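All remarks here apply to the structure that follows.
A short reminder: the numbers here are calculations on the coordinates, not readings from a lab. Only a predicted model underlies this, so the values are computations on that prediction, with no experimental measurement involved. Because the Cβ atoms are built from the backbone with ideal geometry, glycine has one as well, and the counts that use them run over all protein chains shown.
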Amino acid sequence: MNVFRVLSVVLVLCLGLQAVPASAMESSQPAPDTSSGDPTYTIQNPPAYAMMGDLLVARPLLIAATAVGAVLFVVALPFAALGGNVKATGRALVVDPGRAAFVRCLGCTTEGTADQP
């Protein structure tokens, strides 16, 4: 087959796929309710690509942020003690990134519990 014919067939197929309306992907039914009904817990059902991205990108970065935050907390501890905000500094630098790295479900955007202060 001629190279020109192959390129033209590929071009026609690509343009044909772009002509498919994007609204065909949308469902006419509303999304199911994934909440548990308990105000303390919310259940999320993340897609597989969100789980993979969370596992390969977000979790290692959050674990690194927790480790760097712990080092920065030790460095900032004398200044935080003088200012009287040791608890807030520890929460911002260590607890919040650690909670996001280790408590939240894989692929979820929120922690999953409502006990956040």
Next item on the list: Inspect all residues belonging to the stretch 86-94 and state whether any of them is within 28 Å of residue 49 (Cα to Cα) and surrounded by 15 or more Cβ atoms within 10 Å (Cβ to Cβ).
Entry: yes
Check: Counting residues that are out of contact with any helix residue (DSSP H, G or I) (no Cβ under 7 Å at 6 or more places or on another chain), which helices (runs of 4 or more DSSP H) fully inside the stretch 46-117 reach at least 3?
Finding: 48-53, 59-83, 96-102
